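The values are calculated or read from the model by the stated rules, or taken from the named source; none is laboratory data. Small disclaimer: the values here were computed from a predicted structure and weren't measured. With ideal geometry, Cβ positions are generated from the backbone for all residues, glycine too; neighbour counts draw on all protein chains shown. All accessible areas refer to the heavy atoms of the entire protein, side chains included, with ligands and DNA or RNA removed. Shrake-Rupley method; radii C 1.70, N 1.55, O 1.52, S 1.80 Å.
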Amino acid sequence: MKRSVALLLVLLVVASAQSQKIERTIAVTIDDLPVVSTRKDLRNRQEITQKLLRHIRSEHIPAIGFVNENKLYSGDKRDEAQIDLLRMWLDAGLELGNHTYWHWSLNTIGLKDYEDDLLKGETITKELMAANGRKLRYFRHPFLQTGRTMEIKAAFNDFLGDHGYTIAPITFDNADYIFSSAYDKSFDRGDRDLMKRVGEAYVPYMESKLDYWERQSKKLFGREVSQTLLIHANFINSDYLDDLTRMFRRRGYRLVDLDTALKDEAYRLPDTYIGPAGISWLHRWAREKGREAIVPDEPKVPDFVLKASGFESE
Ligand SMILES: [Zn+2]
């Protein structure tokens, strides 16, 4: 009897360890802080920030936000009202990262100019983080464009290392910016009906993308890696981030911070991609293995959303 109880306990422990192992995790990273929207007035930026942070607090999302500091100045003067938007992120206990000053692409400007722009883009964020007893440590490439030659990538990696930065990669790529453009534009035109349709299509689209990245991960690794999501500090997320998060939870995801997600050993694989696009790290790793490693039929933005966005293609 005693032996069978002991055996049962062992089985329970093994089962619970296994169920922990298959738990899905995702880190939420938010780009282009403080806000990216067609409406650039302070009031709108405050409202979008407040709404995003309300969702982040109520859904307990350990998010990180990546800043473009050009938005924190009027002319060449610091604009404290804009900087206050970042203080709100820090007050909510969130981390901030560097996304360069101007949001230029490493694929279109020289490495030295790019590095200078990165350093220019850390001035205020570094100061705010230090006031919170924190160090600025993550860098996100604008457009996810990471350099057209291995020499540039290697030199830039050395630069990042020298300045204490870690690259923030992403697996869960998507076109939230196209949805947001459609959402902004239909709002600007007073077309509430279209705005509602765009909004209602957003989370189902993101779920189809997530399903795709789960399959891509399984194809590549035989398991699901810890996902890293990229979304933007935009209007549509200020309305739908809570619904988006609930979708993740419904699919069995636990929300983790970027540090935790990047502990997944998949992220130790190098990024050797030197093509022109800004693509998911899952696709970078897949391309290393050859075209057949890429899962076909990646979901697309619905036509009506693309049309309303003003973008010609994804
Ligand atoms: Zn960006």
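Exactly one condition in (1) touching a helix residue (DSSP H, G or I) at 6+ places or on another chain (Cβ under 6 Å); (2) of a type outside the set (A, V, I, L, M); (3) surrounded by fewer than 19 Cβ atoms within 10 Å (Cβ to Cβ) is false for ASP158; which is it?
(1)
Determine whether ILE294 is closer than 13 Å to ASN174 by Cβ and touching a residue at least 24 places away in the same chain (Cβ under 8 Å).
no
Helices (runs of 4 or more DSSP H) wholly in the stretch 183-268 with at least 2 residues that are under 22 Å from GLN50 (Cα atoms) and away from the ligand (no atom under 16 Å from the Cβ) - which ones?
192-221, 235-250
Taking only the stretch 24-40 into account, find how many residues are within 13 Å of the ligand (Cβ to nearest atom) and open to solvent by less than 10 Å² (accessible area, probe 1.4 Å).
Number of matching residues: 6.
Take LEU258 and decide whether it is open to solvent by less than 30 Å² (accessible area, probe 1.4 Å), out of contact with any helix residue (DSSP H, G or I) (no Cβ under 8 Å at 6 or more places or on another chain) and not β-branched (Val, Ile, Thr).
It is true that LEU258 is open to solvent by less than 30 Å² (accessible area, probe 1.4 Å), out of contact with any helix residue (DSSP H, G or I) (no Cβ under 8 Å at 6 or more places or on another chain) and not β-branched (Val, Ile, Thr).
List the pairs whose first member sits in the stretch 59-79 and is over 18 Å from ASP117 (Cβ atoms), whose second member is β-branched (Val, Ile, Thr) and within 16 Å of the ligand (Cβ to nearest atom), and whose Cβ atoms are under 6 Å apart, counting only residues at least 6 apart or on separate chains?
Taking only residues 6 or more apart or on different chains, the pairs are ILE61/VAL28; ALA63/VAL28; ALA63/ILE30; ILE64/THR29; GLY65/ILE30.
Condition check: within 16 Å of the ligand (Cβ to nearest atom), more than 21 Å from ASP257 (Cα to Cα) and not acidic (Asp, Glu). Does TYR114 satisfy that?
yes
When both residues are 6+ apart or on different chains and their Cβ atoms are under 6 Å apart, which pairs have a first residue that lies in the stretch 119-143 and is among the small types (Gly, Ala, Ser), and a second that is within 16 Å of the ligand (Cβ to nearest atom)?
Close Cβ pairs (under 6 Å, with a partner that is within 16 Å of the ligand (Cβ to nearest atom)) amount to GLY121/GLU69; GLY121/ASN98; GLY121/THR100; GLY121/TYR101.
What are the pairs with Cβ atoms under 8 angstrom where one residue, in the stretch 90-101, is over 17 Å from THR123 (Cβ atoms) and the other, located anywhere, is open to solvent by 20 Å² or more (accessible area, probe 1.4 Å)? Sequence gap at least six, or different chains.
ALA92/ARG57; LEU94/PRO62; GLU95/ARG134; GLU95/ASP257
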